[in-house]
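Take a look at the structure set out below.
The values are calculated or read from the model by the stated rules, or taken from the named source; none is laboratory data. Remember, it's a predicted structure, so these values are computed and weren't measured experimentally. Ideal geometry is used to build each Cβ from the backbone, glycine not excepted, and the neighbour counts take in all protein chains shown. These area figures cover heavy atoms from the full protein model, side chains too; ligands, DNA and RNA do not enter into them. Shrake-Rupley method; radii C 1.70, N 1.55, O 1.52, S 1.80 Å.
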Amino acid sequence: MKVLLAVGGGIAAYKSAELVRLLMQQGHQVQVVMTRAAEEFVRPLTFAALTGRKVLTNLFAIESAIEHIAVAQEHELLVIAPATADLMAKLAHGLADDFLTTLYLAFTGPVLLAPAMNVNMWQHPATQANLATLVKRGHTIVEPGSGYLACGMSGPGRLADPEIIAAAIERAAHPRRDLEGETVLITAGPTQEPLDPVRYISNRSSGKMGYALADAAAARGARVMLISGPVHLAPPRGVEVVGVRTAAEMRDQVMQHLPGADIVIKAAAVADFHLSKVPDHKVKKTAARISLELDPTPDILAELGRKKGDFLLVGFAAETQNLQQEARRKLESKNCDMVVGNLVGASDLGFESDENEVVLTLRTGETIALPRASKRAIADRIFDEVLNLRLALHAANGR
Ligand code: C5P
């Protein structure tokens, strides 16, 4: 594929050199465009040497006044990595004062952005509003990772790993539409169970796995309903999101949206217990010790398992030990077709992380280990195996 890689002016610009190397390895033809600010961080020569092509930089130093139009027409995909806060703002508003921003307006193909910036800049309402505009416009966002940032702060804002960006480019280059015509119902995130009007019980689920599944299903052509507990994630493109708070609300929304679903994936970390009678007023700090009497929440997955119509049912099992036995037990007791098991607590994987490593336990008796990868890549592998499993179950029923 003929890829335009635009490098914005951020410290992460040096990582784009590694991205170029990966794209060249994958057999793409890469033309690098740099903003003036990017040149302050990396020399164009680095990219010219890696791609064997002259790097495009300044609008007015270019041979022809319409070169941005010609370049836009010749290429199939525009990747912007790192996309700085300034670039995102310019693109969102259609400003065009240099080669890249004029090229962007002239380009009609798919656009992929990998933002990178300081955590406060990323979380600023102005950046988030620009992000929402770019998502709405149909661009693919490779979310920044969380971790230690060059500015010394920690949090989301780090450029996604070059491997993750390269994988997103591969998906854009070879879109699979094998879920076209299917309706996929996904739950994601934690639930919050109120203790009084200001307090609640919840858990560490970030919702990232469920959102990655929703994004993967939509990219493969499915109609996707995402029933989400409270999370801090942008809704994936082309996905209908219904926000809920408690397990009871999640249950009601799942049952309401169930008719017509072909695949149901329960990635949410639903609270197992709640206070059934929540006090109307804030509980005062009067006693030295208080105890809470908690009742079980509705087990949505088990209820779906009992219903079990035509849809394929996938549950999740987050365990701190005996993963495989627990996953198999859940598969049987909740009548699922697949249980995605991940070990949590013992490592940096699972909750809150951008990566995961899971074991799929299948109704056929098989288990499939998926090695460590980004949650988005794991999501695609889960759908690959869901489709394989459905074929296997149909074949077994037909016998
Ligand atoms: O039994 P456990 O809670 O570990 O099972 C996890 C699976 O069950 C997940 O798929 C989760 O979404 C689902 N679940 C549910 N309703 C609950 C508790 C868990 O659907 N009340």
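Below, the figures for the structure above:
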{"quantity": "Separation in nanometres of the label points that stand 7 Å from Cα toward Cβ, at ALA234 and GLU303", "calculated": "3.4 nm"}
{"quantity": "Percent antiparallel among DSSP beta bridges (both partners in the stretch 183-396, rounded to 5)", "calculated": "35 percent"}
{"quantity": "Tilt relative to the chain, helix 323-333 - C-alpha long axis, 0 to 90 degrees, to 10", "calculated": "60 degrees"}
{"quantity": "Integer Hz, Karplus 6.51/-1.76/1.60 couplings in order for the stretch 277-286, x for Gly and Pro", "calculated": "10, 7, x, 6, 10, 4, 6, 7, 7, 9"}
{"quantity": "Prolate/oblate/rounded label for the chain (Cα gyration tensor, a/c 1.5)", "calculated": "prolate"}
{"quantity": "Accessible surface of VAL359 - all protein chains present, 1.4 Å probe, nearest 10 Å²", "calculated": "30 Å²"}
{"quantity": "Accessible surface, the stretch 2-173, averaged per residue in Å² (probe 1.4 Å)", "calculated": "45 Å²"}
{"quantity": "For LEU312, distant residues with modelled amide H under 5 Å away", "calculated": "ILE263, VAL264"}
{"quantity": "Computed E for ASN322/LEU294 - FRET, C-beta separation, R0 25 angstrom, nearest 0.05", "calculated": "0.55"}
{"quantity": "Extension gain (nm, one decimal) between GLU76 and LEU393, 0.36 nm per residue minus Cα-Cα", "calculated": "110.2 nm"}
{"quantity": "DSSP beta bridges in the chain [antiparallel fraction, %, rounded to 5]", "calculated": "30 percent"}
{"quantity": "Relative contact order, percent, the chain [alpha-carbon distance under 8 Å, six or more residues apart]", "calculated": "11 percent"}
{"quantity": "Protection-proxy order for peptides 244-253, 67-76, each taking the mean of Cβ atoms within 10 Å per residue, highest first", "calculated": "244-253, 67-76"}
{"quantity": "Hydrodynamic radius by Kirkwood, which averages 1/r over all alpha carbon pairs of the stretch 183-396, in angstrom", "calculated": "17.7 Å"}
{"quantity": "Added length on full extension, which subtracts the Cα-Cα distance from 0.36 nm per residue, LYS284 to ALA17", "calculated": "90.3 nm"}
{"quantity": "The stretch 183-396, relative contact order [Cα under 8 Å, separation at least 6], %", "calculated": "19 percent"}
